[in-house]
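Report on one structure; see the data block that follows.
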Amino acid sequence: MAFQFLHIDTVARAAPKKAAGKRWSVAEVLAEAERRPDACPHVENPKPPRRVLGVPLFMIENAVERNAKEARDAKGRRLRKDSPVMLAGVASYPVPMAELDKIKRGDFERWEERTLAWLRGRFGENLAAVVRHEDEAFPHLHFFVVPDLTPDRRIGLDAVHPGIAARDVAKGDGKGTKEANRAYCEAMRGLQNDFHERVGLFHGHLREGPKRRRLSRGAYNAEKRDAKRRAETMAKVEMELAELEQLRVIALGAKEAKRRAAILEGQNEARHRELVAIKKEADGLKRSLREMEKSYARAKRDAEIAQGAVFHLIGFIVKGAERCRQALLGMGRPNGVAPESWARLRQFLMPPHFGSGGEERTRRNSGLER
């Protein structure tokens, strides 16, 4: 078999009485997919499925049950047990498990990736889970879609099932049952075509088998060869596009790196200028500090001189001691004392104003006594 297999169906909490034994309930569908004991007698050696996307299957059953209890039908009544509440589907890879060698296994993995991408694009957040089975003749994926409740508490099947949506639109336009069913079938064919164009075509899978189109064996084999060549060509083109995309990303990365380097270089230059300015400012502060230290030293010396002058001047005034006079004459002019004032003081301290036995007269003449 080299043609695609995709099947989607609605599922209710209980199978209709007229379809007993032909249709499964939500619990039975999920039990078979999960390979629960006694739920899959058609499988010779059941193996646990591999969940490749979504939530565990028991959570789907709980979510469907909650929606069903809250939902209402078109007349506002509680939902019947046999009313559809979920979509269940199967996508099968058309190569037997026994023939999955290393090369075909790689193609199967790529097919699975494309199928998952197609399912996510088609059903969005309503795609609850996808599991893989490899314990039957062909590897396949089971997927489950849980529709949302509408504002009027209806099960929104038309939002996830293209056939139901098309049929409802036809009925809304006033078309009869036959035309509505035709619209349903057209929509489902469109779904199959879309899956083939986005998935099967890349792997050499035919859209339909030979019996459906009444092809001869030769024509069917020729079509399979053409499909294989198309798939190889598309795979090559896809690979080349991937390489081009990679090169584009690398080029964009290089461009971004160059832009970033230019920004960093500009930032480094700005920091360098800041450092130069800071260094100049620091040098200026150091010079100012040195000048302040020199000024402080001079001020300290002047203060010491002034302190000594005041000390000796007080001693001279109080005692008229000769040693104080000599100290004052030998002292430098203190800072803050005018040169003229200092000169008059020195002149006053020199003879004949000041001599032996003349201390008292000097005090009287100078007015220091007052």
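Taken together, the values in this text are just the output of simple stated rules run on the coordinates, not laboratory data. If you're wondering where the values come from, they're calculated on a predicted model, not measured in any experiment. With ideal geometry, Cβ positions are generated from the backbone for all residues, glycine too; neighbour counts draw on all protein chains shown.
Using the basic label-point model (7 angstrom from Cα toward the beta carbon), what is the GLU322 to ARG120 distance in nanometres?
Placing both labels 7 Å along Cα→Cβ, they lie 11.5 nm apart.
Could you work out how much longer the chain between LEU149 and ALA343 gets when fully extended? Use 0.36 nm per residue separation minus the Cα distance between them, nm to one decimal. It would help to have the intermediate numbers written out before the result.
On the way: separation 194, 0.36 × 194 = 69.84 nm, distance 11.16 nm.
Computed gain between LEU149 and ALA343 is 58.7 nm.
Just subtract the alpha-carbon distance of ALA63 and LEU285 from 0.36 nm times their residue separation and send over the number in nm, one decimal.
72.4 nm
What is the antiparallel percent of DSSP beta bridges lying wholly in the stretch 1-126, to the nearest 5?
In the stretch 1-126, DSSP labels about 80 percent of beta bridges as antiparallel.
Would you please give the FRET efficiency between ALA277 and GLU256, computed as 1/(1 + (r/R0)^6) with r the Cβ-Cβ distance and R0 = 25 Å, to the nearest 0.05?
Working: r = 32 Å, r/R0 = 1.26.
Here the calculated transfer efficiency is 0.20.
What pairs from LYS17/LYS175; LYS18/LYS47; LYS17/LYS81; LYS17/LYS47 go past 21 Å between their alpha carbons? Display every interim value, and only then the final one.
Details: LYS17/LYS175 29 Å; LYS18/LYS47 32 Å; LYS17/LYS81 11 Å; LYS17/LYS47 31 Å.
In this structure, LYS17/LYS175; LYS18/LYS47; LYS17/LYS47 exceed 21 Å between Cα atoms.
Could you pull the Cα extents of the stretch 240-292 along its three principal axes, largest to smallest, in whole Å?
76, 8, 5
Hey, with R₀ at 45 Å, roughly what FRET efficiency would LYS178 and ARG110 work out to, going by the Cβ-Cβ distance, to 0.05? Before the final figure, lay out each step's value.
Details: r = 41 Å, r/R0 = 0.92.
In this case the efficiency is close to 0.60.
Multiply the residue separation of ALA159 and GLN246 by 0.36 nm, subtract the distance between their alpha-carbon atoms, and state the gained length in nm to one decimal.
Working: separation 87, 0.36 × 87 = 31.32 nm, distance 3.67 nm.
Net length gain for the segment: 27.6 nm.
Given that compact globular proteins tend to follow 2.2 N^0.38 Å, what is the ratio of the alpha-carbon Rg of the stretch 1-75 to that value?
Taking the Cα Rg and dividing by 2.2 N^0.38 Å, one obtains 1.31.
Run a plain Debye calculation on the stretch 42-166 (Cα atoms as equal point scatterers, no solvent) and give log10 I(q)/I(0) at q = 0.15, 0.22 Å⁻¹, rounded to two decimals, same order as the q list.
Computed log10 I(q)/I(0) values: -0.77, -1.26.
Among LEU141, GLY174, LEU201, whose Cα sits farthest toward the positive end of the charge dipole of the stretch 112-205 (+1 at Cβ of Lys/Arg, -1 at Cβ of Asp/Glu, about the Cα centre)?
Of the listed residues, the answer is GLY174.
Could you tell me which of rounded, prolate or oblate describes the stretch 156-196, using a ≥ b ≥ c as the square roots of the eigenvalues of the alpha-carbon gyration tensor, with rounded for a/c under 1.5 and, failing that, prolate when a/b is larger than b/c and oblate otherwise?
Details: a/c = 3.35, a/b = 1.54, b/c = 2.18.
Here the stretch 156-196 falls in the oblate category.
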